[in-house]
Structure formats: C-alpha cells, structure tokens
1. Does any residue of segment 103-125 turn out to be surrounded by fewer than 23 Cβ atoms within 10 Å (Cβ to Cβ), hydroxyl-bearing (S, T, Y), at pLDDT 95 or above and touching a Pro at 6+ places or on another chain (Cβ under 7 Å)?
2. Which of the following residues is exposed (fewer than 15 other Cβ atoms within 10 Å of the Cβ) and either in the same structural domain as K156 (by TED's automatic domain parsing) or at pLDDT below 50 (or both): L53, L71, L49, L2?
3. Can you find, within segment 284-306, the residue that is nearest to V176 (Cα to Cα) among those that are assigned to a loop (DSSP other than H, G, I, E, B) and of a type in the set (G, A, S)?
4. I want to confirm something. Restricting to segment 200-231 and keeping residues that are among the β-branched types (V, I, T) and more than 22 Å from R80 (Cα to Cα), which single residue is surrounded by the fewest Cβ atoms within 10 Å (Cβ to Cβ)?
5. Listed residues K259, K206, K210, K217; which is part of a loop (DSSP other than H, G, I, E, B), on the phi < 0 side of the Ramachandran plot and not β-branched (V, I, T)?
6. With the structure loaded, tell me whether R306 is surrounded by 15 or more Cβ atoms within 10 Å (Cβ to Cβ), out of contact with any His (no Cβ under 8 Å at 6 or more places or on another chain) and not acidic (D, E) or whether it fails that test.
7. How many residues does segment 233-267 hold that are closer than 18 Å to L304 by Cβ and among the hydrophobic types (A, V, I, L, M, F, W, C)?
8. For segment 247-257, check the following and say yes or no: at least one residue is in contact (Cβ under 8 Å) with a residue 12 or more places away in the chain and under 17 Å from the mean Cα position of the chain (by Cα).
Amino acid sequence: MLLQLLSLVLVLSGLLAMPATPGKSATYTRGDNMARAMTPTEKTTYKGLFPKLDTDAAVVTDEATPVYNCLAWTLGFTDRWIWPGENAADFDRLYGQYGFQRANNGPIAAWGQSQSQMTHGCISGKGHGPRWESKLGQLLRIQHGLSELEGAAYGKVQFFYDKSQLAAVPPGANRVATLMDELRLTDADIKTLAAETNDVVPALRKRFEKLYAAWRKTWARADIALSSDPSAVRHSAEYLALAALGPQIIPLIVERLSKEDEFFALQLYDAVQENPALIISLHSDERVLGGEQLRAMETVKRYLAR
C-alpha cells in the first residue's frame, strides 16, 4: 500500500523518466559512473520506499532508466533487462554461467521475500564504491548500506554469490551478441508487419492505442517501477482491460515489440497468444543473458515466420 501511495510522487517529480521516444534509449558502459547526492525530493521519496535507507549517505550513480535492471548491472550490462525467474534456482543458473556459486559471503547479494520469490540483486567491490550498489528496477542506481534496502519492496538478503572459478565472459554471451544481430528486422519483415497491422479493424486499433497508453503509464507506478520482475507490469486494472481485447490485438502488440524500449509488452503478448509455439521463454537458456530485449526480438521474428 505504501508503494502505491508513493507512486504519484514518483511520477510527478519526474524521478522515473520513461523514454520520450519508444525505440531510443541511452547507452552506458560499465565504469562510466556518475556520483551525486540525492536531491531533497529524492530523499523524501526513497526514504518512503526504503525506510532504513540513509538518504544523506546514499550516492546516486545513474539516473532512472527502464533499459536495464539490478541483475543486469551485477553482471556489467546496462543495455538489457535480465530476469531469469523468481526462484533461487533460476538465479543460480544465471550466475553460474559466470562462475558464481552460493556462499556465506561474496560480492553479489541476492534478495527475496523468500527463496521462491526472489526480487533483487546488488553488488560490491571494485567500481561500485565503498559499500553496495543497486539498480532499483527502473529507478535510480545507488550506493547504499547492505541492510538499508530491507523491507516491503525487496524483502531481505537470502544468500550471496562468490566466484567458484576464474570465469571470463561465458560462451553464451558471445552467442547472444551474434543472435541479436541475426534477429534485426529486415525490410521484408517490416513490410509484412505493416501489412498485418493495417488489417486490424480501425475501431479496434483506436481502442488498443487508448488502453495501451493508459497501461504504459502504470509502468511508472512505484510498486511496478521498483521491481526487476517484468511480470510486475501485469498488476493493474489497465493491463486487465487491455488483455481482455484478446488475440485479435496480437499484430498491434508485435508492432510495439519491434520497438527497442517496448519489451514490457511481452507480458501482454504472452497472455493473449494462444499458440504456445509462438511464446519465447529464456529462463532455462543461456539466451537469458540477452535479456527481455532479446526475447522481444525473437518473439517478433518467430511471429512473422509462422
């Protein structure tokens, strides 16, 4: 309830800046850290979200962006949204690709309400300041004390990860990079998609556009924006109204998914797509390293090739 009450503050203060133009996003590289204190408005808002957070000592190292999340940042990515699943075993598979295993202590802390409801990851060590660093869902990236994020949003630290071996970039990461290049839409793909969307009844398209715009605004709601689990965007009446339109809106959803920053629309696509063969799941696959952006690209390609 507290998170929902604070959502208006987040939106009005501009603390979550959704991209003005879908498909265009900032590009960052690990190590290009900014470092600033929280503004007075941010201190008030984030203290409400994390009552234990010492907002005077917190250091902001990146502005709010929906391009990447906490797990991506712990692995050094700032161009993708990585979510392997909500179970501890899903986290184990993800970090295991980089030679990490669970430990009593380590540079990566895995958070959850329980080990079957994981929520967050943060990192410490070289390049992350003297304490811990977290990308807070779509919101700010900050340095903080480990226990300062405990509470309703993320629960508490469930366990840590440490290196079990000297592991370089896993082979899967290179394959993911190649796959992302292969999945770029061709001129023929774009033409096919345009033809399909043009076949949608105008009244339905108008209804979809109105409901989609309303749904997209809810992505900035505090309880959604703090979450790294992309399914959080389903938690609204606006989403339910849109999903109720059914499979006939799939071409319009795919059109959105063809835009780089619209990958949260996968949650809607997965819900209304009635053919399981056209739903992409990466949770148990090395392609999870490509994030939701890769899943969106592969979904579009598979849909157009059906």
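The values are calculated or read from the model by the stated rules, or taken from the named source; none is laboratory data. Predicted model only: the values in this text are computed from it and were never measured. Don't worry about glycine lacking a Cβ; one is built from the backbone with ideal geometry, like all the others, and counts go over all protein chains shown.
1. The answer is yes; a qualifying residue exists.
2. Going through L53, L71, L49, L2 in turn, the sole match is L2.
3. Restricting to residues being assigned to a loop (DSSP other than H, G, I, E, B) and of a type in the set (G, A, S), the top hit is S284.
4. V201
5. Only one candidate qualifies: K259.
6. Considered against the rule, which asks whether it is surrounded by 15 or more Cβ atoms within 10 Å (Cβ to Cβ), out of contact with any His (no Cβ under 8 Å at 6 or more places or on another chain) and not acidic (D, E), R306 comes out as no.
7. 9
8. yes
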